[in-house]
Every structure is written in C-alpha cells, then in structure tokens.
C-alpha cells in the first residue's frame, strides 16, 4: 500500500462577479482555464429558448429571461429591499466576512416563474433562499425564523402553509412587513399574458417601467463574501441548517462542472428539468449551467416515469440528470419496454442520450450495468452536497469506461481538492477566547492512499457559513458560529462526515458515513428531528431512528425504534400505538421523512455511557422487538 498522503486537486478560482452578470456573460464563449477549447460554446442567440414548460411549450428565451429578471429586480427594490443593507457574520475558515443581503424566499416547484424569481433576486443584489413546496408549516416556520425573508414567492397551493408559518413567528412586526406573492403553477401562462390575480400575483413585481438597466454591482472581491443563495441542509443535530453560498461559490461550481462536461461534444444541449431546482443537484447541474451553456431545459414540476420516457425522444434529450431511484426504474421497469424498439435505422427512444448522471445518494454498480445493457447509455455517479456543490464525477461515455468503475464516485472536478483525513483531523479543536471562533494547533493531515478516513473537501464552492444557531437577525447576543466552526477545519477543509478512500489517480470511493443522515432518494432526513417528534408523544418513553436500505428502489427509509411508556402494552395495543405515531409523523413532516421503514417496539434504545444513541447497533440488527409495518409496499406506480 502506498505511503503517499491521499490528497488530490489543484486549487483555482473564477473572476469575481454577481452571479446574474456571470451567467449572462457567455462565460464559455472564449477559451479559458475553465472552458478549454473543446468546451467552448458559441455565443448564445438572444432568442434561444433556455427554459421551456414541457406541458405547454411556453418558453423563456435568453433575452426574455434576462429582461424579466431585471424587471423583477426593480420591483424588489421598489419594495424597499436595499442590497447594501448587509448582515455581516464573523470570519470563518472559508470566508473572511460572510454577508447576507435582504432575503427573498422562493418556494416553488420547477416552473418558468421559478427562473425569473431566482434570477431577479440575484440581479437585485439580494439573497435568495430556496425551499421545497412540500414543507409543512412547522418546517417552513423554522426556515422563515432563521432567514427572515422580506419577500416570499410561493405556489398558490402552498399559501395556507406560508400563512401558518408566519403565524408561528414570535415577531409580529416582522410578519406585518413581510410581502407574500403567489404563483398559480397550474394556470399561470407566464411569459404570456399579464398578472390577473390581484396584488398577491407574483407578476405584479415585473414592471418594465421599474426594470434595472444592469444588475446590482459590487466589487469583484465581494463576490466571495456576499451570499447569493441559502440552501437548507439537514444535520445530525436535528433541524435543517441554512447553508450560505456566495456568488463566487455558484460561479465556480458551474465553471467546474462545465470544465469536465465530456458529454458536450459541441452539441446543443437539451435536458429534462425534473430534478428540483431548489436542490443543489438541480440548481448547479441543470438550472445555472443551462444559462451559461445555452442549453434548453424542458421543465417538469415533478417526476413521472411515463412522461419522462415520452419526453426523451420528443425533445431529443442529450443528457439525463436523475436520482438513483430513477436509474433503478430505467433498469427494471416494464414501462420502459415499448421505448426500446428500434427503427429501420437502428435508433430507439434513447438514441439521442449521450449519458446520464446521478447524485444525491449511492447507486449500485449493477444498476449502472443494467441501464447500459438495456438502454445503451452510461449513467455516471457524482458526489456533492449543499455545503460544497458538485465535488466529483465519473468520466467516460462508453462500456470500456463503465467496466473501469469500481463502485467509486469518480475524480474531483476542476479546482476541487480532496483529502482523506487521519484521526488527527477529527480531534476536537481547542476553543479560543473568542466564543465565535475555534482555533486548533493540530495540522490537518492525510492518510496514505488507499487507507480509509473522513473525506475532506476544499474549493471556492464551499459554504461561507451556516446561519447562526439563533438565526440571522437574533438580537442581544453574538452570532453562535459553532456549527460552522465544527464543520470546517482551521485551514478551510469541509468535514463531510463520509468515510472513503482515494487512489493515487484521484478516484474517490465512499465506503461509509460518519454522519447519521438518512438519504431518502435525494433528500436528507435527520434522525434527531424524528426522534424528538416521536418522543413528544406522551405514549413514548424513548426513540431512535436509523435508515434501512431498500435495494429495489436504491434508497434508504427511516425506521424508528420506540420504547413505549407503558411496558405492559399488548401486541395489539402496540400496533394501535404505531398507527397513532404514523399519523403524528405525517402531520408534522414532509412525505420523504415518513417512517416507511416501519416501527420496532423495543425495551430500550442502545446508548453509549455518554448517552449517545448507538445507531449502528440498531442498523446491524443488534436490537430485536415487535416490528410493525406502517405502509403496504405497492407495485411501483412510476411516480416519485
């Protein structure tokens, strides 16, 4: 085994700019460090369709998207949102001065209004936070409390949830001043027609008379400190954490992805936009990249297998973005069969597809082999996270490349550094006299190549910080930056919580996970959140939650181990309690957090002497009890 330290990568960066300006500057038109000759993209035509509503063919062209975003930016300024009113946070190892402008919350499925709302906020120099339309009022209230959005743009179907989330805030003055606008996703004909639903209609924000002539400018160096987007990432400590990503982080992420886009080959790119744009995978790999590359993205508000299969030949899709369960369907579902028939020229419905990429959760290599054998294209694994954007990807487009894969996630993208840390990197840092920072004298060191350890990442795409534990605008105390400082080493490496190995050629293999997040498809579920919810029941004495892997759907499901408060309950009574807890969880959480893995009633939850739940003992079958299935597994209906 090699004794060389397991480190790969070469740090680099992109010029600093407002992300809006960078996206519309044709950054891949001329040869550069991140756009080598083979990756050059011809200047994008002003009338080129960038986002097209797949159901209706309504299109947002390059120029219309830019112009409407500038008009919406003017509307936000007219509401009194000043991009120079910045909330500054203490320095972190990845950012000398994280700054947040007034926040706009966009809570929409993939649709044309999403594009204009997000880009308009960036053009205004403001900060946009993205949230799933599937959040409950309790979950959304947490997002609102921590980010304090001045403007909320949500789906009309989510308006009641937004109102309940606002009612749950403890600052009446803030709630009174918050502006809420709605999008009727099913009926809105944007960009056709005009606003017709009164003052709440989001299109009242778009007025050519108020349009900015150019996006809000700031110094190039400010691109690395000003927050462009706040994403929400679940943590092992419970509720979701707001991840601050700077303008520079977004620009670098897109440049890094395009540098390694071996599927391009000079072809005009046509993609299906069903991976949620509010998720880092869909945001960076599809939404932002499409504008720079002049690609056409056919938006879909949700994934339906039959609709996707029909769309691929109709739209002549060139590259497929997917979560692992979609790859499983492509490999195994009988619904795919009619699309495999070849015409006289030997082409079938998938002949336009050069390759695909999957991320968000692991995918077995056997599924990759099955998709290639059945459909004729290669699905490559990628690795990334909200805190670091895209990190690695497998390369190659043919069977020979596939045979070389070894359950790995590829090599690091351009400008991304990877290290496999020794135990020294996991040592608890000493706390300095300044309570907002951590200091350590322990050098971050790498294991030898091929030796497992924690995966560390460093690049210009790293988060600037997490939102402090008290929220962005908590008064009366210094921002608590401990969560951020625990996630970053003193020399700027992000601790991923994943265990893996690096080969000398830079190939990353993920072997385990230190962190305890449950990956339900591309979503993250924090066990601590569900445990707290279960323990809030008067009938529960204790609870522990783990993920159980479902190979047939290439995902994990949450499973709860529960200690009933009354140990004398009969099996029948425990079954009844399980149904009560099922309803309790469903009423307080998004669907992907439901206990599809069932409930196991046990006598006690295994814990360490310090009280930490020993989840591995539960995952490995070390705790036995009465198992109750809460959901009857139906035959796949091809809808996620």
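The values are calculated or read from the model by the stated rules, or taken from the named source; none is laboratory data. The shown structure was predicted, so the numbers you read here are calculated from the model rather than taken from an experiment. Using ideal geometry, Cβ is built from the backbone for each residue, glycine included, and neighbour counts are taken over all protein chains shown.
Results, tabulated for the structure shown:
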quantity	calculated
Sole residue being surrounded by 13 or more Cβ atoms within 10 Å (Cβ to Cβ) and modelled with pLDDT of 90 or more, chosen from 592, 631	592
Close pairs (6 angstrom Cβ cut-off, 6 or more residues apart or separate chains): without any contact (Cβ under 8 Å) to a residue 40 or more places away in the chain in the stretch 566-593, assigned to a helix (DSSP H, G or I) anywhere	none
Residue list for the stretch 144-171, filter: in a helix (DSSP H, G or I) and under 14 Å from residue 474 (Cα atoms)	144, 145, 146, 147
Condition check for residue 63: assigned by TED's automatic domain parsing to the domain that holds residue 119 and free of Cβ contacts under 8 Å to residues at least 12 places away in the same chain	no
Which numbered condition residue 113 misses (of (1) in contact with a strand residue (DSSP E or B) (Cβ under 7 Å, 6 or more places away or on another chain); (2) surrounded by fewer than 17 Cβ atoms within 10 Å (Cβ to Cβ); (3) assigned to a helix (DSSP H, G or I))	(2)
Residues located in the stretch 595-618, provided they are in a helix (DSSP H, G or I) and either buried (at least 16 other Cβ atoms within 10 Å of the Cβ) or not assigned by TED's automatic domain parsing to the domain that holds residue 554 (or both)	615, 617, 618
Residues of the stretch 36-61 classified as within 23 Å of residue 256 (Cβ to Cβ) and within 25 Å of the chain's Cα centre (by Cα), total	2
Residue list for the stretch 369-384, filter: within 23 Å of residue 256 (Cβ to Cβ) and in contact with a helix residue (DSSP H, G or I) (Cβ under 7 Å, 6 or more places away or on another chain)	378, 379, 384
In the stretch 188-230, the residues that are farther than 29 Å from residue 159 by Cβ and more than 31 Å from the chain's Cα centre (by Cα)	213
Selection from the stretch 198-214 of residues that are without any contact (Cβ under 8 Å) to a residue 12 or more places away in the chain and either surrounded by 14 or more Cβ atoms within 10 Å (Cβ to Cβ) or at positive phi (or both)	198
Check on residue 284, within 25 Å of the chain's Cα centre (by Cα) and in contact (Cβ under 8 Å) with a residue 24 or more places away in the chain	yes
Breaking point among (1) at pLDDT 95 or above; (2) closer than 25 Å to residue 590 by Cβ, for residue 224	(2)
Top-ranked residue in the stretch 348-363 [being under 21 Å from the mean Cα position of the chain (by Cα) and part of a loop (DSSP other than H, G, I, E, B); ranked as surrounded by the most Cβ atoms within 10 Å (Cβ to Cβ)]	359
Filter result for residue 492 (surrounded by 17 or more Cβ atoms within 10 Å (Cβ to Cβ) and more than 29 Å from residue 92 (Cβ to Cβ))	no
Test: residue in the stretch 80-102 that is in contact with a strand residue (DSSP E or B) (Cβ under 9 Å, 6 or more places away or on another chain), within 24 Å of residue 210 (Cβ to Cβ) and assigned to a helix (DSSP H, G or I)	no
